[in-house]
Amino acid sequence: MKILLTGASGMVGRNILAHKDASDHEWLTPSSRELDLLNHSSVLRYMREHAPELVIHAAGVVGGIQANMANPVKFLVDNTLMGIHVLESAHASGVPNLLNLASSCMYPKDAENPLKESQVLTGALEPTNEGYALAKITASRLCEYISRTDAGRHYRTLIPCNLYGKYDKFDPKHSHMIPAVIRKLHEAARAEKASVDIWGDGTARREFMYAEDLADFIFYALPRLASMPQTLNVGLGQDYSINEYYQVIAQIVGFEGRFEHDLTKPVGMKRKLIDTTLLQEFGWNSKTSLTEGVRQTYSYFLKEAVND
Ligand SMILES: NC(=O)c1ccc[n+]([C@@H]2O[C@H](COP(=O)([O-])OP(=O)(O)OC[C@H]3O[C@@H](n4cnc5c(N)ncnc54)[C@H](OP(=O)(O)O)[C@@H]3O)[C@@H](O)[C@H]2O)c1
């Protein structure tokens, strides 16, 4: 298939292109400089000129709580516009298939765990990333409207849990939890530190999937978009406590000191686990264990990112 992949230089995009089945397809991978998704007419022209058979929309303005809180306008406006421009242009230029990447931030902040796809839009959003979540909800609803009103279009949304893996950002200013802990414990081990702080008591639970597994899901879904649920959670169906993540990472990077809990620091939500019932019915399960995923990510960090 001829596939347009937006966000090809990002963590998700690079894991897709590195997948063993990627060479079965022809890829269009414009950077933001070659195709700014904020420019609607450029996106429409690009789609008409290149006529992809499928679009994977993996571009976005992505960041943690601090970045979201500092730039709520950008997170809402850029992500909403990119979603509308990509979906609407694909629709207008006759692209039959599209896979849109959303995020579990779309779920209401007080929704009961595990989070089911039907719980989107059933309550107030987490205020710290509301703009980002609204943009993701808009794109996923637009996929649904297009698919419902045009039988020739299979536009689906997947909601991944948190991700980590190769091509992640390890720079402390931009990193998510797993790459941040890898760097912190790697540096503590090298400095032979006696202890490392964990914010809070470490009992909050999080679900992180190895990004290569998400790429694997995408290649599983590509020939099955017509039968894929309209909106589908993609995760492990299992979570770990923050303390467990620290223990696994410490073992892999060789940190032998103590953990001290700083109870004055914020810990965020107690739990965020997505429901994988529909995913299992669709016939896919993630394969990489936490230990194996962290081992691979650490090896990438040592080769490519230790000096960032
Ligand atoms: N990372 C996670 O834990 C996670 C979890 C759940 C869902 N997701 C979703 O997965 C998707 C990809 O995430 P990621 O972690 O791969 O993000 P990332 O590493 O930050 O990459 C973002 C990508 O978006 C592109 N982009 C940003 N603004 C653009 C614009 N105006 N025009 C064209 N391209 C633009 C960037 O292209 P350039 O480099 O060329 O600027 C880059 O390739 C996002 O939708 C995100 O919400 C991620």
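Rounded to a whole number of µm²/s, how large is the Stokes-Einstein D of the range 105-222 at 20 °C and 1.002 mPa s, given Rh as the Kirkwood radius over C-alpha pairs?
123 µm²/s
Report, by chain and number, residues whose modeled amide H sits under 5 Å from the one on Ile198, excluding near sequence neighbours (fewer than 5 apart, same chain).
Glu260, His261, Asp262
Suppose we take every Cα in the chain and form the convex hull; what volume per residue is that in Å³?
On the way: hull volume 39.3 nm³, N = 308.
About 128 Å³ per residue, rounded to a whole number.
Under unit Cβ charges (Lys, Arg +1; Asp, Glu -1), what dipole magnitude, rounded to 20 debye, does the range 117-182 have relative to its Cα centre?
Values: 8 positive and 7 negative charges, 40 e Å.
With only Lys, Arg, Asp and Glu charged at Cβ, the dipole is about 200 debye.
Taking the chain as the reference, fit the longest principal axis to its C-alpha atoms, fit the long axis of helix 72-92 to the helix C-alpha atoms, and give the angle between the two in degrees, 0 to 90, nearest 10.
The angle comes out near 40 degrees.
How do Val12, Val181, Val77 rank by accessible surface area computed with a 1.4 Å probe, from largest to smallest?
Largest accessible area first, the list is Val77, Val12, Val181.
At 7 Å along the Cα-to-beta-carbon direction for both Glu187 and Leu121, put a label point, then send me their distance in nm to one decimal.
So the two model labels end up 4.4 nm from each other.
By how many nm would the segment from Ala151 to Ser41 lengthen if fully extended, with 0.36 nm per residue of separation less the alpha-carbon distance?
Length difference between fully extended and current span is 37.1 nm.
Give me a comma-separated list of calculated 3J(HN,Hα) values for the range 269-281, in order, Karplus coefficients 6.51, -1.76, 1.60 applied at θ = phi - 60°, integers in Hz, x for any Gly or Pro.
Each residue of the range 269-281 in turn: 5, 5, 7, 8, 10, 9, 7, 10, 4, 5, 4, 5, 4 Hz.
At 1.4 Å probe size, put Asp171, Asp275, Asp24 in order of accessible surface, largest to smallest.
I get Asp24, Asp171, Asp275, largest accessible area first.
Below 8 Å between Cα atoms, with a sequence gap of 6+, how large is the relative contact order for the chain in percent?
Over the chain, the number comes to 19 percent.
Given a Förster distance of 35 Å, report the FRET efficiency between Gln247 and Ser23 from their Cβ-Cβ distance, rounded to the nearest 0.05.
Rounded to the nearest 0.05, the efficiency is 0.40.
List, in the order given, every pair from Lys109/Lys169; Lys169/Lys265; Lys270/Lys303; Lys2/Lys74; Lys173/Lys303; Lys184/Lys272 whose Cα-Cα distance in the structure shown is over 28 Å.
Listed pairs above 28 Å: Lys270/Lys303; Lys2/Lys74.
Please report, as a whole percent, how much of the solvent-accessible surface of the chain comes from carbon and sulfur atoms (probe radius 1.4 Å).
That share works out to 50 percent.
How large is log10 I(q)/I(0) at q = 0.19, 0.20 Å⁻¹ when the Debye formula is applied to the Cα atoms of the range 159-224, each weighted equally and without solvent?
With no solvent term, the Cα-only Debye profile gives -0.87, -0.93.
How much accessible area does Cys161 have with a 1.4 Å probe, in Å² rounded to the nearest 10?
10 Å²
Based on DSSP H runs of at least 4 residues, each adding -39500 (n - 2.57), what is the mean residue ellipticity at 222 nm of the chain after dividing by all its residues, to the nearest 500 deg cm²/dmol?
-12000 deg cm²/dmol
Using the Kirkwood formula over every pair of different C-alpha atoms, what hydrodynamic radius in Å results for the range 38-181?
In the range 38-181 this quantity evaluates to 16.2 Å.
Under a 5 Å amide H to amide H cut-off, with H placed in plane at 1.01 Å, what residues pair with Leu115 once short-range neighbours are removed?
So Leu115 has HN proximity to Leu273, Ile274, Asp275.
Taking the Cα of Ser32, stepping 7 Å toward and past its beta carbon, and measuring to each backbone N in the range 46-79: which are under 18 Å?
Under cut-off, by backbone N: 57-79.
How far apart, in nm, are the 7 Å Cα→Cβ label points at Glu144 and Ser195?
4.9 nm
So what is the accessible area of the chain per residue, in Å², with the probe set to 1.4 Å?
Dividing the accessible area of the chain by its residue count gives 47 Å².
Roll a 1.4 Å probe over the protein heavy atoms and report the accessible area of Trp27 in Å², nearest 10.
60 Å²
Between Asn71 and Asp308, what is the spin-label point distance in nm, taking each point 7 Å from the Cα along the Cα→C-beta axis?
For the pair Asn71/Asp308, the computed spacing is 1.6 nm.
Alpha carbon centre of the range 130-160 versus the range 5-82: separation in Å?
15 Å
Mind listing the long-range amide H neighbours of Val95? Cut-off is under 5 Å, sequence gap 5 or more, other chains count too, H placed in the peptide plane at 1.01 Å from N.
It is none; the list stays empty.
The values are calculated or read from the model by the stated rules, or taken from the named source; none is laboratory data. No experiment lies behind these values; they were computed from the predicted model shown. FYI the Cβ positions are ideal-geometry reconstructions off the backbone, even for glycines, and counts take in every protein chain you see. All accessible areas refer to the heavy atoms of the entire protein, side chains included, with ligands and DNA or RNA removed. Shrake-Rupley method; radii C 1.70, N 1.55, O 1.52, S 1.80 Å.
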